[in-house]
Every structure is written in structure tokens, then in C-alpha cells.
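Have a look at the structure below, then the notes.
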Amino acid sequence: MIVDMNAFLGRWPFWKLRYQGVKNLLKLMDRAKIDKAVVSSLDSVFFINYEEGNMDVADACRLHPDRLIPFAVINPNFPLWMDHLEVCVEEYGARGIKLHPDYHKYSLLSEEAAELMRKAKKMKLPVFIQTSIMDMRHHPGYCLVVEASILEVASVIKRYSENTFIIGGAKHFGSRVLELLGQVSGCKNFYIETSGIGGPFDCIERLVESIGSSKLLLGTRMPLLYPESAKLMVEKAEIDEEDKEKILGGNASNLLSI
């Protein structure tokens, strides 16, 4: 089973997406032969009321429970975020938390973030930290968003050893992963999502050699990016077939019990 750990619904405010919406997302999944996708909302990143995007994701996942798995975007800067998280889990069926500290402008080391980590641990929810969504060279000048600090990400992984983290990024994330790995040596409570890894051509091979295939999760960031490229990067890697199966879906299936 092929599982994409990082797909989006909602609107990208800076240009029109060719494959926007649920039907088009499913079309991309079918074309790339992806069985299931974890989805979160771009609207929850950009709307003032981030809760609306989570509601839309919940509706889409109710219509396609065999294909789509909801993660709730949570902004700990907002009042009553904890109440909303409970609604997302108990009513919307969210299977994890998605954080965008870069766009939502908070430190992962703040007391609000600490409370979120404690809540995630109690609810047994993985926490996906999206350090960036899009290559910063493509940010419009009026909305240049600095990527989340790898130092903070590393500190969170070490500080909350009983939480489970998924770390994703955008262009040049591969070099930032190497920086991260240098700071979290010995930690076992995190995964790396692959959509931002990019070059060099043996990037997957290098990561499998350094941390093992059990720590890697396929992600595509569709419909911002075409899913085939991220999937082919794993399929064409010079690694064992067993390692490919883990990255393409086996690890995600175990993590989310699907």
C-alpha cells in the first residue's frame, strides 16, 4: 500500500492550483497510484480562522474514508486551541497534528507549544512539524516567510522524547535534515517526510544508510507539487525493495495503524 504523508486541500493564495479540491486530489492520487493520503488544510495556514480549513478536511475525509486521512492544523497562538483539537479528534477523526510555526509565527519552545506537546502525548497523536511549505525563492516579496528553526526542531525532539514527530520541509530540506540529524543523534522519536529532500540524486540512499528506512515517510505536498516526482525518487533509489516498501507506505501504515 502506498501512503502519502503530506497532501493538502484548500487554496494556495499566491497562484492558482491546477489540481485544487477533493476530486482533483483524488485524480492525482489515482494517476500516481497512491492508495491513501494524509491531508491537512492550506486554508488553516492562511485563514484568520484556521478552524474552517480543518472542518473542510473533515468533510472530505468523511466522503472518502478509504483514501483520505485527516491531520488537524493547530495554531497554539489562538485561544481555545485545545478545545478545537479535541473536536478535530473526537468529531472529525483527526489522526495527527500539523504545525506551521513559520507562517503562524510562534516558537516551538514557547509555553503554548509545550502545552500542545503534552496534549499530543496524552492523546497519542503524532506531531507533524512543517518547517516550510514552499521553496523560499518562490515566496512573493510581500510575504517572505522564514523557515522554522532546525535548532528548535531538534530541541523539541530531544525535550519531548515520549512524543512522536514527523519533520517535513521544502526545497533544500535535505541539507537541513543533515543538520537536524547531527543534533538528535540517538533519538528514536521522529520520522523524516521525503517531499523536500530533493538532490543530490542519491539522497534517499544516504538517508537510509544514516538513519535507516524505518525513519522515512513518503510525502508529496500535492497539489503544490506533482506526486510522481516524490514517489519516483524512492522507487528509483538504489536501496533494497524492502526498504522501498517501508518508505512508500509500510512505515506510515504502522504509525497510523491503517
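The values are calculated or read from the model by the stated rules, or taken from the named source; none is laboratory data. Keep in mind that this is a model prediction, so the values were computed, not measured. For neighbour counting, all protein chains shown are included, and Cβ atoms are generated from backbone atoms with ideal geometry for every residue, glycine included.
Is it fair to say residue 40 is of a type in the set (Ser, Thr, Tyr), part of a strand (DSSP E or B) and touching a Phe, Trp or Tyr at 6+ places or on another chain (Cβ under 7 Å)?
yes
Go over the candidates 157, 129 one by one and state the one that is of a type in the set (Val, Ile, Thr) and in contact with a Gly (Cβ under 9 Å, 6 or more places away or on another chain).
129
Considering only residues that are surrounded by 15 or more Cβ atoms within 10 Å (Cβ to Cβ) and more than 14 Å from the chain's Cα centre (by Cα), look in the stretch 194-213 and name the one that is modelled with the highest pLDDT.
Restricting to residues being surrounded by 15 or more Cβ atoms within 10 Å (Cβ to Cβ) and more than 14 Å from the chain's Cα centre (by Cα), the top hit is 213.
Which of the residues that make up the stretch 1-32 are basic (Lys, Arg) and exposed (fewer than 15 other Cβ atoms within 10 Å of the Cβ)?
16, 18, 23, 27, 31, listed by residue number.
Taking the stretch 188-222 as the region of interest, how many residues are farther than 25 Å from residue 28 by Cα and touching a residue at least 60 places away in the same chain (Cβ under 8 Å)?
Matching residues across the stretch 188-222 total 0.
Looking at the structure I just gave you, is residue 236 surrounded by fewer than 14 Cβ atoms within 10 Å (Cβ to Cβ), within 26 Å of residue 27 (Cβ to Cβ) and not hydroxyl-bearing (Ser, Thr, Tyr)?
yes
Can you find a residue that is of a type in the set (Lys, Arg), part of a loop (DSSP other than H, G, I, E, B) and within 25 Å of residue 105 (Cβ to Cβ) anywhere in the stretch 8-24?
yes
Residue by residue through the stretch 214-256, note down the ones that are among the small types (Gly, Ala, Ser) and at pLDDT below 95.
Listed by number, the residues that qualify are 229, 230, 237.
Just to verify a result, which residue in the stretch 33-58, among those that are without any contact (Cβ under 8 Å) to a residue 60 or more places away in the chain, within 15 Å of residue 89 (Cβ to Cβ) and among the aliphatic types (A, V, I, L, M), is surrounded by the most Cβ atoms within 10 Å (Cβ to Cβ)?
That would be 57.
Return the pairs, sorted by first residue and then second, in which the second residue is assigned to a helix (DSSP H, G or I) and β-branched (Val, Ile, Thr), the first residue lies in the stretch 139-166 and is on the phi < 0 side of the Ramachandran plot and crowded, with 17+ Cβ neighbours inside 10 Å, the beta carbons are less than 9 Å apart, and the residues are 6+ apart or on different chains.
Cβ pairs passing all conditions: 150/177; 163/156; 163/157; 165/153; 165/156; 165/157.
Give me the strands (runs of 3 or more DSSP E) completely within the stretch 60-178, filtered to those with at least 2 residues that are at pLDDT 95 or above and in contact with a Pro (Cβ under 9 Å, 6 or more places away or on another chain), ordered by residue number.
Filter on the stretch 60-178 gives 97-99, 127-130, 165-168.
If you scan the stretch 208-258, which residues turn out to be among the small types (Gly, Ala, Ser), assigned to a helix (DSSP H, G or I) and in contact with a Ser or Thr (Cβ under 7 Å, 6 or more places away or on another chain)?
230
The rows are residues; the columns are (1) over 15 Å from residue 40 (Cβ atoms); (2) touching a residue at least 40 places away in the same chain (Cβ under 8 Å); (3) of a type in the set (Gly, Ala, Ser); (4) surrounded by 20 or more Cβ atoms within 10 Å (Cβ to Cβ).
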position	(1), (2), (3), (4)
74	no, yes, no, yes
91	yes, no, no, no
97	no, no, no, yes
101	no, yes, no, yes
107	yes, yes, yes, no
115	yes, no, no, no
125	no, no, no, yes
133	no, yes, no, yes
137	yes, no, no, no
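For the stretch 197-227, enumerate the residues that are more than 18 Å from residue 129 (Cα to Cα) and among the basic types (Lys, Arg).
206
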